Amino acid sequence: MKPVILLTGKNGQIGAELLRYLPQMGEVVALDREHLDLSKTDDICRAIRRIKPQIIVNTAAYTAVDQAETDETMAQAVNGEAPGVMAKEARKIGAALVHYSTDYVFDGFKKTPYDETDAANPINVYGKTKFAGEQAIRGSGVPHLIFRTAWVYATRGRNFLLTILRLATEREELRIVSDQVGAPVCASDLAATTSKILAGICERNNGGFVFSEAGGTYHMSAAGQTTWYDFAKTILEKAEASSRDLAWLAAATRGRPLIARRVIPISTAEFRCPAQRPVYSVLSNSRLFQTFGVALPDWHSQLQRCFVSESIAADLLAD
């Protein structure tokens, strides 16, 4: 009998990609915000008790970083409290929990990649609420995997990749922050890597999700590093060189030509936004590789794949 997997945030960037993989290892019950409001504790409890999953994969989150500065109550409810409720309910029924967190739990003062032993010190509300969610999970005693990731994008949803492509059809000049350093990661690669890890755990435990000594917090991001400025320039270079037959690209540009001719580097201070961002938030993936033997490609390769294939998931499955 296949295990039951509860997936939250099914329409989000990571959730939508996981829906391509998780059915291979179990019966997936996928819920969106309309069917599971993470700001309502009772709804979470009822859903878990009704579905009785063997594993919960929580991809849902409050991700509006700037808006969170003035909407802390909602951000805390979804990012900080809901994961703890899931963890407690999962423990009651003997289930495990997979949860995604963020590089924004760090302050950005370090000059080398952050590892899992580095102290968290979030500098914005979003990061604080995400770290609160991590702490709630760890404190619950539930078997869990927390995957911290960074600068996530996809060929759907709302993200930096699609924003740059849209703006490039509207403006001849783009002004992009050049003094923040990170590693952009494609949601498809996150989903594929997560699925490989879970499939391996299942195989070793006769179809069960038993994390035992492998449980804990791991960094899962792209190899390499870049700035938002260089990421934007690379996006436009790939778009100019790619086939406009790609459905996602046509949708992102609304069928319009790219008119951007200049990408101008600016400082974080010049950009001015409500939430402070870490200047440096590159994550070390060493522990992930040492424990599970998996590694994500470098950020450039992940982006390239988006522009050469309509079905990224099919390519990753073939890998």
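The values are calculated or read from the model by the stated rules, or taken from the named source; none is laboratory data. All of these numbers come straight from a predicted model, not from anything done at the bench. We place every Cβ from the backbone using ideal geometry, glycine too, and count neighbours over all the protein chains shown. Each accessible area value is taken on the protein alone, full model and side chains, heavy atoms only, with ligands, DNA and RNA left out. Shrake-Rupley method; radii C 1.70, N 1.55, O 1.52, S 1.80 Å.
Annotations
- Filtered residue count, segment 232-250, keeping only those that are surrounded by 14 or more Cβ atoms within 10 Å (Cβ to Cβ) and aliphatic (A, V, I, L, M): 6
- Filtering Tyr218, Tyr229 for residues that are assigned to a strand (DSSP E or B) and either in contact with a His (Cβ under 6 Å, 6 or more places away or on another chain) or crowded, with 19+ Cβ neighbours inside 10 Å (or both) leaves a single hit, Tyr218.
- Considering residues of segment 196-239 that are farther than 30 Å from Ile266 by Cα and of a type in the set (Lys, Arg) only, the residue modelled with the lowest pLDDT: Arg204
- Verdict on Leu22 being under 18 Å from the mean Cα position of the chain (by Cα), within 27 Å of Arg204 (Cβ to Cβ) and either open to solvent by 60 Å² or more (accessible area, probe 1.4 Å) or not β-branched (Val, Ile, Thr) (or both): yes
- In segment 65-86, the residues that are more than 10 Å from Leu38 (Cα to Cα) form Cβ pairs under 7 Å with partners that are open to solvent by 60 Å² or more (accessible area, probe 1.4 Å), at six or more places apart or across chains, as follows: Asp66/Pro274; Glu69/Pro274.
- Residue that is surrounded by the most Cβ atoms within 10 Å (Cβ to Cβ) [pool: residues in segment 115-131 that are aliphatic (A, V, I, L, M) and under 23 Å from Glu213 (Cα atoms)]: Ala120
- Residue that is nearest to Glu81 (Cα to Cα), among those in segment 30-41 that are free of Cβ contacts under 8 Å to residues at least 40 places away in the same chain and either among the aliphatic types (A, V, I, L, M) or open to solvent by less than 100 Å² (accessible area, probe 1.4 Å) (or both): Asp37
- Contact map, segment 172-193: first residue within 29 Å of Arg287 (Cβ to Cβ) and modelled with pLDDT of 95 or more, second residue part of a helix (DSSP H, G or I) and among the small types (Gly, Ala, Ser), Cβ cut-off under 7 Å, separation 6 or more or different chains; pairs are Ser188/Ala313.
- Among the residues making up segment 249-288, those that are in a loop (DSSP other than H, G, I, E, B), of a type in the set (Lys, Arg) and touching a residue at least 60 places away in the same chain (Cβ under 8 Å) are Arg254, Arg256, Arg261, Arg277.
- Candidates Lys196, Lys238, filtered to the one that is closer than 18 Å to Ala168 by Cα and among the basic types (Lys, Arg): Lys238
- Test: Ile197 is over 21 Å from the mean Cα position of the chain (by Cα) and touching a residue at least 24 places away in the same chain (Cβ under 8 Å): no
- In segment 131-175, of all residues being basic (Lys, Arg) and within 30 Å of Gly216 (Cβ to Cβ), the one that is farthest from the chain's Cα centre (by Cα) corresponds to Arg138.
- Whenever a residue of segment 100-127 is closer than 20 Å to Arg138 by Cα and touching a residue at least 24 places away in the same chain (Cβ under 8 Å), its partners that are among the acidic types (Asp, Glu) and in a loop (DSSP other than H, G, I, E, B), lying with C-beta atoms within less than 7 angstrom and at least six residues away or across chains, give the pairs Phe106/Asp118.
- Selection status of Val29, within 22 Å of Lys130 (Cβ to Cβ) and assigned to a strand (DSSP E or B): no
- Qualifying residues in segment 79-105 (those that are out of contact with any helix residue (DSSP H, G or I) (no Cβ under 8 Å at 6 or more places or on another chain) and of a type outside the set (Gly, Ala, Ser)) - the one most open to solvent (accessible area, probe 1.4 Å): Lys92
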